[in-house]
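Single-structure report; data block below.
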Amino acid sequence: MNTIHIPTPLRPFTDKRESVEVNGNTVGELLADLAKRYGGLRKHLYADDGKLRSFVNVYLNDEDIRYLEREQTPVKPGDSLSIVPSVAGGAQVVTPPSGRGTSGPTSHAGVDQDVLPALSQDEIKRYSRHLIMPEVGIDGQRKLKASSVLCIGAGGLGSPAAMYLAAAGVGRIGIVDFDVVDFSNLQRQLLHGTPDVGRSKLASAKDRLHALNPHVHVETYETSLSSENALKLFEPYDVILDGTDNFPTRYLVNDACVISGKPNAYGSIFRFEGQASVFATQGGPCYRCLYPEPPPPGLVPSCAEGGVLGVLPGIIGVIQATESIKLMLGIGEPLIGRFLIYDALKMRFRELKLRKDPECPVCGTHPTVTKLIDYEQFCGIRPESQAQAAGAAGNEWEITPVELKRRLDDGDDLFILDVREPNEYQINQIPGSTLIPLGELPRRYQELDPDREIVAQCKVGARSAKAVDYLRSVGFVKIKNLRGGILEWIDTVDPSQPKY
Amino acid sequence: MTLTLRLGVAGAIKHHGSETYPDECCGALIGRDGVVAGAYALPNTTEEGPRRRFRVRPQDYREAERRATEGGGDLLGFYHSHPDHPARPSQYDLDHAWPFFSYIIVSVRGGVPEDLTSWRLKEDRSAFDQENLVDGID
């Protein structure tokens, strides 16, 4: 019988005992007996190959077994063994600054000073305000000429970003979009003008950027970004600028950036608030470190539903362009590990610290997402056919305005839940209804009585259908959606109210 | 998981980190029930270059453990600095980590201490969990 002294970090495995009695004829046998009695500490003592880990020191009566016969050292009755942790660690070994430099984690990848393109007389004149700053200078301007940015979307964010990147002399600008210019775009998407309405956004963007700077190559991709084409589209670019307005594409851009090792100059806007950061740099966090999973579908409205202040994308898109340029030049402090939030109404910038999550499913130590997935499905957006099928089967969850009116007249106790926004509620309302905007529902649904029958209602019945889905997901069963919303209510029940 | 630092502990760790910059510093965390009462500086005895590595000798480890239990407390973990590197554990830190210990890392940039973070090894040794750090109770 011999005693082994257990160090603090292993005591939770030995019922908090500081020393344990074990049997054996050699040091190795005593340790094996210990691991047999207390299986939990095995993996901390032994590596996968069954050898003692290098940072596990074993002392036999105060003598390091490395200076004896190691694990074969014989033991006598009464000898005592001590396990003593060797505590070690240290920062990551620095990889030599090839391409991804030390100042900016993604200084322009792989650019060799000798092969940088020269600047023409015209270009020297054009970029003179850059050239006289030592942080840019001739070499920096040549770096910009050799670099490239892919803008996802030629809308609110893509417009100012692409325009400033072109003016600044970024050599190649790619744009992915498949939309056509609409009158409702002109309030903020400055790439496009009134005569462009009805044209493809790409054609309009190309004209505008060429007018700004004919030295810039503009590549256009008339397609919607998908899991099939993203990696191929990203491949020839140095920085990806995310100007998307929906969650599936945002997660797709993020994951494709992590997988392809391209930095993501991220921005997003909603109403009066904007956000920006730089994701997916080497060692830096990605969008999924912040939001591992998307919000339930429909709970975060898009700009089309919630609106957006026209000048807001100007600020955020230009921040994205600024960060792209800094990354490509390798200067300054990039917005890595920092999440910038801009409130236009208060005119305030806030900054949140972001950490790379070692558990992140995409960029963590043991990623579970290693190739691009189906992002529509990931974000809970069902293909149309399935949605229709669900709709057909979902009639028991619906009520028509006429039926609602009849039941109200019969004196049924119904709770009418209006999930529109307050300014819509001001325009018209179903008498007796209670307003809880859809976005507030997740934190306010407890105000509702699950025993009372609820009829959810919005403008046309789409948002309230999401509200019904959400409330069902949290356990409500006596709930129906008002088909056609308040507009059908006005058409069929109460024509005295205004429509909008 | 939350690790609470008594007033002055964070300052002592940061001070040690800037003192030894550009080399790494290291030391022991002593206290009980998730509250660090004191940080004890230990010599960095690595033979692999102290700019990027630290090592606590077995005799210093035993001394730290003895000191902790003598005061009626426990050895709660260790701290070290990452000169010009973020306050996040490296693969090397992971490979050498012990369970249940808190590992505090302070990043020191250009001699100026910045972030202080604390980490714990996961049960299966696959990664660290970041601990919530509460700084400065009396």
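The values are calculated or read from the model by the stated rules, or taken from the named source; none is laboratory data. Quantities reported herein were computed from a predicted structural model and do not represent experimental measurements. Counting neighbours? That spans all protein chains shown, and the Cβs are built from the backbone with ideal geometry, glycine included.
Let me spell it out: the conditions are (1) within 11 Å of chain A (Cβ to nearest Cβ); (2) closer than 24 Å to B:D95 by Cα, and B:G34 meets all of them except one. Which number is the exception?
Exception for B:G34: condition (1).
Hey, among A:L435, A:L471, A:L448, A:L482, which residue is surrounded by 15 or more Cβ atoms within 10 Å (Cβ to Cβ), under 21 Å from A:G307 (Cβ atoms) and in the same structural domain as A:I399 (by TED's automatic domain parsing)?
Exactly one residue qualifies, and that residue is A:L435.
State all residues of the stretch A:9-43 that are buried (at least 18 other Cβ atoms within 10 Å of the Cβ) and either acidic (D, E) or in contact with a Pro (Cβ under 6 Å, 6 or more places away or on another chain) (or both); if no residue qualifies, say none.
If the condition is that a residue be buried (at least 18 other Cβ atoms within 10 Å of the Cβ) and either acidic (D, E) or in contact with a Pro (Cβ under 6 Å, 6 or more places away or on another chain) (or both), then A:P9 is the only one that fits.
Would you say A:G337 is within 14 Å of chain B (Cβ to nearest Cβ) and within 30 Å of A:F272 (Cα to Cα)?
The answer is yes for A:G337.
Would you mind stating whether A:Q446 is modelled with pLDDT under 90 and among the polar types (S, T, N, Q)?
Considered against the rule, which asks whether it is modelled with pLDDT under 90 and among the polar types (S, T, N, Q), A:Q446 comes out as yes.
Taking the stretch A:62-76 as the search range and keeping residues that are in contact with a Leu (Cβ under 8 Å, 6 or more places away or on another chain) and of a type outside the set (A, V, I, L, M, F, W, C), which one is surrounded by the fewest Cβ atoms within 10 Å (Cβ to Cβ)?
A:E71
From the list B:S90, B:S126, which one is at the interface with another protein chain (Cβ under 9 Å from one of its Cβ atoms), surrounded by fewer than 21 Cβ atoms within 10 Å (Cβ to Cβ) and under 18 Å from B:D23 (Cα atoms)?
Selected residue: B:S90, the only one of B:S90, B:S126 that is at the interface with another protein chain (Cβ under 9 Å from one of its Cβ atoms), surrounded by fewer than 21 Cβ atoms within 10 Å (Cβ to Cβ) and under 18 Å from B:D23 (Cα atoms).
Here is a yes/no grid of residues against (1) outside any helix (DSSP H, G or I); (2) on the phi > 0 side of the Ramachandran plot; (3) within 12 Å of chain B (Cβ to nearest Cβ):
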| position | (1), (2), (3) |
| --- | --- |
| A:K36 | no, no, no |
| A:R42 | no, no, yes |
| A:K76 | yes, no, no |
| A:I83 | yes, no, yes |
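Just wondering, is there one or more residues in the stretch A:105-124 that are touching a helix residue (DSSP H, G or I) at 6+ places or on another chain (Cβ under 9 Å), assigned to a helix (DSSP H, G or I), away from chain B (no Cβ under 14 Å) and at pLDDT 90 or above?
So far as the stretch A:105-124 goes, yes, one or more of its residues are touching a helix residue (DSSP H, G or I) at 6+ places or on another chain (Cβ under 9 Å), assigned to a helix (DSSP H, G or I), away from chain B (no Cβ under 14 Å) and at pLDDT 90 or above.
Being within 9 Å of chain A (Cβ to nearest Cβ), surrounded by fewer than 20 Cβ atoms within 10 Å (Cβ to Cβ) and in contact (Cβ under 8 Å) with a residue 60 or more places away in the chain is the requirement here; does B:D74 meet it?
No; evaluated as a whole, the condition is false for this residue.
With respect to the numbered conditions (1) crowded, with 23+ Cβ neighbours inside 10 Å; (2) in contact with a helix residue (DSSP H, G or I) (Cβ under 6 Å, 6 or more places away or on another chain), which one is the sole condition not fulfilled by A:G171?
(1)
Just one of B:A41, B:A64 is more than 7 Å from every other protein chain (Cβ to nearest Cβ), more than 26 Å from B:E123 (Cβ to Cβ) and surrounded by fewer than 23 Cβ atoms within 10 Å (Cβ to Cβ); which is it?
B:A41
Taking strands (runs of 3 or more DSSP E) that fall entirely within the stretch A:232-336, which contain at least 3 residues that are surrounded by fewer than 19 Cβ atoms within 10 Å (Cβ to Cβ)?
Here the list is empty.
Which one is nearest to the chain's Cα centre (by Cα), of the residues in the stretch A:347-374 that are away from chain B (no Cβ under 12 Å) and within 19 Å of A:G267 (Cα to Cα)?
A:L352
Select from the stretch A:1-34 the residues that are within 19 Å of A:R66 (Cβ to Cβ), over 46 Å from the mean Cα position of the chain (by Cα) and within 12 Å of chain B (Cβ to nearest Cβ) and list them in ascending order.
A:H5
Is it the case, given these coordinates, that A:G89 is modelled with pLDDT of 80 or more and more than 14 Å from chain B (Cβ to nearest Cβ)?
It is false that A:G89 is modelled with pLDDT of 80 or more and more than 14 Å from chain B (Cβ to nearest Cβ).
Any idea which of A:N57, A:N2 is more than 30 Å from A:Q282 (Cα to Cα) and touching a Leu at 6+ places or on another chain (Cβ under 8 Å)?
Only one candidate qualifies: A:N2.
Tell me whether the stretch B:5-17 contains one or more residues that are under 24 Å from B:R109 (Cα atoms) and within 14 Å of chain A (Cβ to nearest Cβ).
yes
Within the set of pairs 6 or more residues apart or between chains, which connect a residue that is in contact (Cβ under 8 Å) with a residue 40 or more places away in the chain and closer than 11 Å to A:V216 by Cβ inside the stretch A:141-156 to a residue that is among the hydroxyl-bearing types (S, T, Y) and assigned to a helix (DSSP H, G or I) with Cβ atoms less than 8 Å apart?
A:V149/A:S324
Among the helices (runs of 4 or more DSSP H) lying completely within the stretch A:440-500, list those that include at least 3 residues that are within 16 Å of A:E403 (Cβ to Cβ).
Of the helices (runs of 4 or more DSSP H) lying wholly inside the stretch A:440-500, those with at least 3 residues that are within 16 Å of A:E403 (Cβ to Cβ) span A:485-492.
If you scan the stretch A:164-192, which residues turn out to be assigned to a loop (DSSP other than H, G, I, E, B) and either acidic (D, E) or free of Cβ contacts under 8 Å to residues at least 12 places away in the same chain (or both)?
Correct list: A:D179, A:D182, A:L186.
Per-residue answers, yes or no, for (1) in a strand (DSSP E or B); (2) closer than 20 Å to B:P43 by Cβ; (3) facing chain A (nearest Cβ under 8 Å); (4) of a type outside the set (S, T, Y):
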{"residue": "B:D60", "(1), (2), (3), (4)": "no, yes, no, yes"}
{"residue": "B:A68", "(1), (2), (3), (4)": "no, yes, yes, yes"}
{"residue": "B:F78", "(1), (2), (3), (4)": "yes, yes, yes, yes"}
{"residue": "B:V106", "(1), (2), (3), (4)": "yes, yes, no, yes"}
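May I ask you to list pairs of residues, at least six apart or on different chains, whose Cβ atoms are under 9 Å apart, with the first in the stretch B:101-118 being farther than 21 Å from B:I30 by Cβ and the second being assigned to a strand (DSSP E or B) and among the hydrophobic types (A, V, I, L, M, F, W, C)?
From the stretch B:101-118, the pairs are B:S107/B:L116; B:E114/B:V106; B:E114/B:V108; B:D115/B:I105; B:D115/B:V106.
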